[in-house]
Amino acid sequence: MLAFDIAQFFPSFNHHLLPLILDKVGFDPKVSIFFRNHLVGRKTKYLWNNFSSPFCNVDIGVRQDLALSPILSALYLSLIFHILEKHLKNLKIPISFLSFVDDSLFISQHKSIQVLNANLFYSYNIVSTLLTKFSLVVKHGKSEVFHFSRSHGNFNPPSLDLSPLRDPTLLPKNT
């Protein structure tokens, strides 16, 4: 299993992309227009006594504490997961994928630890690339790899070398 975290997920939301995703998924145009007006092109200015600042943009991300945040994040990530699933299927990489808003897991099983690590490596590479294209970034320092075995003897799985992706080598966590 490979666990990873998306860095600054809510503030990094691409406001211009979300309405396009809603259009693509088939939501009523009124819903897309609402979010386009709600999330994009917001401005504010500050007043202090006789001082009035110029207008400045406040497109700073979907706040994590908003009631709509879990729904918007699921809609935003659904397109990424759909693309990821197609890539993995085309490459015949048997990976299950779970997501908890900004925390995600790749789960794979294989008798060969080398094949297993290769599957996790390629999946991680694909998702990192996709997230970057969607203005999101994996928080590599929080990524962790776990190996589970049914063997009753010593089990010392190898590390998962992500250095070709300019990421750290992940040492298996004790389970």
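Any read-out appearing in this document is the output of simple, stated calculations on the displayed coordinates, not a laboratory observation. As the structure is a computational prediction, the values presented were derived from the model and not from experiment. Neighbour counts run over all protein chains shown; Cβ positions are idealised from the backbone, glycine included.
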(Q) Viscosity 1.306 mPa s, temperature 10 °C: give me the Stokes-Einstein translational D for the chain in µm²/s, with Rh taken as the Kirkwood radius over C-alpha pairs. (A) 86 µm²/s
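For TYR46, TYR122, TYR76, what ranking results if the residue with the fewest other Cβ atoms within 10 Å of its Cβ goes first?
Values: TYR46 10, TYR122 16, TYR76 19.
Arranged by neighbour count, lowest to highest, TYR46, TYR122, TYR76 become TYR46, TYR122, TYR76.
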Q. Between the helical axis of 29-39 and the dominant principal axis of the chain, each derived from Cα atoms, what acute angle in degrees is found, rounded to the nearest 10?
A. 80 degrees
Q | Karplus-derived 3J(HN,Hα), 6.51/-1.76/1.60, for each residue of segment 17-22, Hz, glycine and proline x | A | 7, 4, x, 5, 5, 4
Q.
Explain nothing, just the number: dipole magnitude of the chain about its Cα centre with +1 on each Lys and Arg Cβ and -1 on each Asp and Glu Cβ, in debye rounded to the nearest 20.
A. 240 debye
Q.
Assuming 0.36 nm per residue, please report the length gained on full extension of the stretch ASN50 to ALA67 beyond their Cα-Cα distance.
A. 2.5 nm
Q: Report the label-to-label distance for ASN156 and SER12 in nanometres (one decimal), using points 7 Å from each Cα along the Cα→Cβ vector.
A: 3.6 nm
Q: Could you list which residues have their amide H under 5 Å from that of VAL138, counting only those 5 or more apart in sequence or on another chain, with H placed in the peptide plane?
A: ALA7
Q. Got a sec to turn the phi values of segment 119-132 into Karplus ³J(HN,Hα) couplings, 6.51 cos²θ - 1.76 cosθ + 1.60 with θ = phi - 60°, whole Hz, x for Gly and Pro?
A. 4, 5, 4, 5, 5, 5, 4, 5, 5, 4, 5, 4, 4, 4
Q: Would you calculate the separation in nanometres between label points at LYS86 and HIS110, each defined as 7 Å from the Cα along the Cα-to-beta-carbon direction?
A: 2.4 nm
(Q) Amide H of LEU162 versus every other amide H placed in the peptide plane: which residues, excluding those fewer than 5 positions away on the same chain, fall under 5 Å? (A) THR169, LEU170
Q: Over every pair of different alpha-carbon atoms in segment 66-153, take the mean of 1/r and invert it; report that Kirkwood radius in Å.
A: 14.3 Å
Q | Residues LYS30, LYS142, sorted so that the one with the fewest Cβ neighbours within 10 Å comes first | A | LYS30, LYS142
